[in-house]
Amino acid sequence: MCPPGRPKGAYRSAQREGNSVRPPGRPKGAYRSAQREGTPVSGAAMRPLATMPDEIRRAIRCVLTDIDDTLSTHGRLTAAAYAAMERLRAAGRLVIPITGRPAGWCDHIARMWPVDAVVGENGALYMRYDAAQRRLVRRFVDDEATRRAHRARLAGIAERILAAVPGCALASDQLYRETDLAIDFCEDVPALSRAAVDRIVALMQAEGMTAKVSSIHVNGWFGRYDKLAMTRILLTEAFGIDIDAERGHFAFAGDSPNDAPMFAHFPHAVGVANVRAFTDRIATLPAYVTQGEAGAGFAELADFLLGASG
Ligand SMILES: [Mg+2]
């Protein structure tokens, strides 16, 4: 896990070992080191997934999931994680990725992945493929004129951040974004310090943006929306489900601080094991945690939910 999200002890340990702890090239031991040295968690959060009561497990009808470092593993979508989504859908569960990734990715995901819809750009939009109508449905928080006006301001802000924080870069997926600015601190650049990431967040906030930290990018946007707000709109509009009244029928899988609103809302939220690297940065931790990390943790969740009752 990247330094900004790692417990201090784990980061120091990684530094001592000379590990480069970033998602694409992350050494296998990185997650485990974070686990061993992670902040102890008290209370009802982060219970082993296996302790979820059977009646709760059977009641889960919809699986929402983050993508980076939750479905993906070291920057790749594994066959096991992909198959887990297919199995859940085949068993009649709704499967919906909730991500900070760009609109361009969401177009592909909504059309081609075994999912029912996708929420992208940290809640700026959802997309779903309407098979009966044979068309992609796109829904944004802001109308096109507002998005265009916001986008016109992003280049200048990006330039100021890149000049002020050495080592960061414009995220490689920036061109495929409709609404937000993504600054890479860990995906294609050597991992930056936590202080540098905090500086990026502060600069975005000074520009009047909302800023959120994922495991690889700092995302900034104009407006107060988040993953949870757009998930509420999607479930109401597309599926007629009230995520407040029906929250007991949802599981949400995630791993990092920008998942916090989802962890807080859904009582049966599940962190994949590498969430332990971020425990000091997430106000409300998920109720459960898997044994496996990243995509293996998601596959473990699918297996568990589909267990005896299928
Ligand atoms: Mg993530």
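Just so it is clear, none of the values below were taken in a lab; they were calculated from the coordinates. Given the structure is predicted, the values throughout are model-derived calculations rather than measurements. All Cβ positions, glycine included, derive from the backbone under ideal geometry; neighbour counts span all protein chains shown.
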Please report V137, V197 as a ranked list, fewest other C-beta atoms within 10 angstrom at the top and most at the bottom. V137, V197
Give me Rg over Rh for the chain, both radii from the alpha carbons and Rh done the Kirkwood way, two decimal places. 0.95
Going fewest to most other Cβ atoms within 10 Å around each Cβ, V141, V270, V118 line up as V141, V118, V270
What are the radius of gyration and Dmax of the stretch 169-214, computed over its Cα atoms and given in Å? 10.6, 28
The stretch 157-185 versus the stretch 235-310: alpha-carbon centroid distance in Å: 28 Å
Nearest 500 deg cm²/dmol is fine: what mean residue ellipticity at 222 nm does the chain get from its DSSP H runs of n ≥ 4 alone, each adding -39,500 (n - 2.57), divided by its residue count? -11000 deg cm²/dmol
Springs between alpha-carbon pairs under 10 angstrom, Gaussian network model over the chain: which of T65, T99, T51 fluctuates most? T51
What shape does the stretch 196-310 take by its C-alpha gyration tensor, where a ≥ b ≥ c are the square roots of the eigenvalues and a/c under 1.5 counts as rounded, a/b above b/c as prolate, and the rest as oblate? oblate
Indicate, rounded to the nearest 5 percent, the antiparallel portion of the DSSP beta bridges found entirely in the chain. 55 percent
Under 10 Å, Cα contacts only: if you run a Gaussian network model on the chain, which one of A299, A264, A131 comes out with the highest mean-square fluctuation? A131
Computed over the stretch 144-221, Cα set: Rg, Dmax in Å: 11.6, 37
Using only Cα positions of the stretch 92-150, each an equal point scatterer, no hydration layer, compute I(q)/I(0) via Debye at q = 0.19, 0.28, 0.30 Å⁻¹ and quote the log10 values to two decimals. -0.65, -1.16, -1.25
Please label the shape of the stretch 73-193 as rounded, prolate or oblate, based on the square roots a ≥ b ≥ c of the eigenvalues of the alpha-carbon gyration tensor (a/c under 1.5 means rounded; beyond that, a/b larger than b/c means prolate, else oblate). oblate
